[in-house]
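Before any comments, here is the structure.
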Amino acid sequence: MNQFKHCNTNKTYDPLNSYSVAINERPSNGAMSSGRRNKRSVGEHTKYWSVGKTLKVLVYKLDEHSFEAVKNGASKWLPYINLNFEFIEMDEKDINATDEFLGDIRVDFQPSFNNAGSSAVGTDSLAGHAHDPSMTLGTNVSSPDYESLITHEFGHALGLDHAHQHPDAEIPWDREKAYVHFENSANFSKAQVDANVFPLERVPGRTYAPYDRYSVMHYQVHNELTVGDWEQPLNKNISEGDIAFMRQIYP
Ligand SMILES: [Zn+2]
C-alpha cells in the first residue's frame, strides 16, 4: 500500500527519429526549435499527439482483469483532453505475427514491473519498433494503487514528464540518501536517479506547467530523503494543475 512507485521514462530513442516522428504527428511540436534547427537543438521539442486524434491503445492479453484496469486508468484523462482512445486487446503471438504498428500506445505486463512502471513520452512511442511495447506495467492487477499507476503512465504516453523533475521543483532532496534509497529500492544507478528523480534543467522548446507537487506525475517523496521537514505522499488522482495543463496541450 505504502510502497514507492518507481517509474522510468524511456529516453533511449534516436533524437533525430524522435524529432521527425513528433513533427510528423503535430508540426507545432517543433515550433519552438524550428528557428535554429541544428544538432544541439534537435532534441528540444514537445511530443504531443495531434489534437482530436483517436489513439489506438494495444494491450497485451494478460488475464480477465488487466484490460479493464488499463481502460479505467487511462480513461481518467479523457474528460480533460481533446483525444479519444480505442482499446484493443491481443495475444502476444498475434502481435508478433505482423511488422505493423498495431497501436500508437502498446501496453505490456511484466512481473518485474510490480510497484513500477515505464513509458515512452508522447509520440516517442512511435519512434521505437512496432513489436516493442511503449509502456510496461506490473502484473499485480488487484493492487489498490494499480489504476493510479496506469493513470501516471498514460500521463507520460500523452506527453507529460515527471512533475518532481520540474526545473522549479522545490524538493529539498538529501541527494546522498536519495542515491542509496533508489539503489536499494529500485536498483537505480546514480545516472538513473539523476535522470528520473532529481529536477532537470529547463529546456527551450518544451512547454511547462507551473510546478505542482500534487500532480499525478509526481513521485512520492519520503520525509527521510529530504533535508528538513518535507514530504509528499503518493498522489493517486489527477490534480487541478494536471487538468489545466492537459486542457492547454489538447484544447
Ligand atoms: Zn513516471
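The values are calculated or read from the model by the stated rules, or taken from the named source; none is laboratory data. Nothing here was measured: the structure is a model prediction, and the numbers come from that model. Neighbour counts are summed over all protein chains in view; Cβ atoms, including those assigned to glycine, are modelled from backbone coordinates with ideal geometry. For the accessible areas, the whole protein counts, side chains as well, though only heavy atoms, and no ligand, DNA or RNA atoms are used. Shrake-Rupley method; radii C 1.70, N 1.55, O 1.52, S 1.80 Å.
Observations, loosely collected:
- Computed accessible area, residue 113, all protein chains, 1.4 angstrom probe, square angstrom: 60 Å²
- Kirkwood Rh, angstrom, the range 148-251 [1 / mean 1/r, Cα pairs]: 14.3 Å
- Under the combined filter of DSSP loop state and at most 14 neighbouring Cβ atoms within 10 Å, the range 165-206 retains these GluC sites (Glu not before Pro): 170, 201.
- Counting only heavy atoms of the protein chains and using a 1.4 Å probe, residue 132 has close to 70 Å² of accessible surface.
- Residue pairs, from the table 76/177; 47/236; 53/93; 11/93; 11/177, whose Cα atoms sit over 32 Å apart: 76/177
- Alpha carbon Rg of the range 47-155, scaled by the compact-globule rule 2.2 N^0.38 Å: 0.99
- Approximating the spin labels as points 7 Å out from Cα along Cα→Cβ, the residue 187-to-residue 142 distance works out to 2.6 nm.
- At a probe radius of 1.4 angstrom, the accessible area of the chain per residue rounds to 48 square angstrom.
- Accessible surface, 1.4 Å probe, highest first, among residues 143, 66: 143, 66
- Fraction of accessible area attributable to carbon and sulfur, the chain (%, probe 1.4 Å): 49 percent
- Backbone geometry of the range 20-30 corresponds, through the Karplus equation with coefficients 6.51, -1.76 and 1.60 at θ = phi - 60°, to 3J(HN,Hα) couplings of 5, 5, 5, 7, 5, 6, 8, x, 5, 4, x Hz, x marking Gly and Pro.
- Pairs of Cα atoms nearer than 8 Å and 6+ residues apart set the relative contact order; for the chain it is 22 percent.
- Accessible surface ranking that places the most exposed of 217, 90 first, with a 1.4 angstrom probe: 90, 217
- Descending semi-axes in Å of the chain, equivalent ellipsoid built from Cα gyration tensor: 26, 24, 17
- Residue among 240, 64, 224 with the largest mean-square fluctuation in a Gaussian network model of the chain, springs linking Cα atoms under 10 Å: 64
- For the options 187, 196, 140, a Gaussian network treatment of the chain with springs between C-alpha atoms closer than 10 Å singles out 187 as fluctuating the most.
- Helix-derived mean residue ellipticity, 222 nm - over the chain, DSSP H n ≥ 4, -39500 (n - 2.57), to 500: -7500 deg cm²/dmol
- In angstrom, the C-alpha Rg and Dmax of the range 59-118 are 12.7, 36.
- Cα lying deepest toward the dipole's positive end in the chain, options 8, 218, 243, charges on Cβ: 243
- Residue of 219, 48, 208 that the Gaussian network model of the chain assigns the largest fluctuation, springs spanning Cα pairs under 10 Å: 208
- Restricting the range 156-251 to trypsin sites (Lys or Arg not before Pro) that sit in a DSSP loop and have at most 10 other Cβ atoms within 10 Å of their own Cβ leaves 202.
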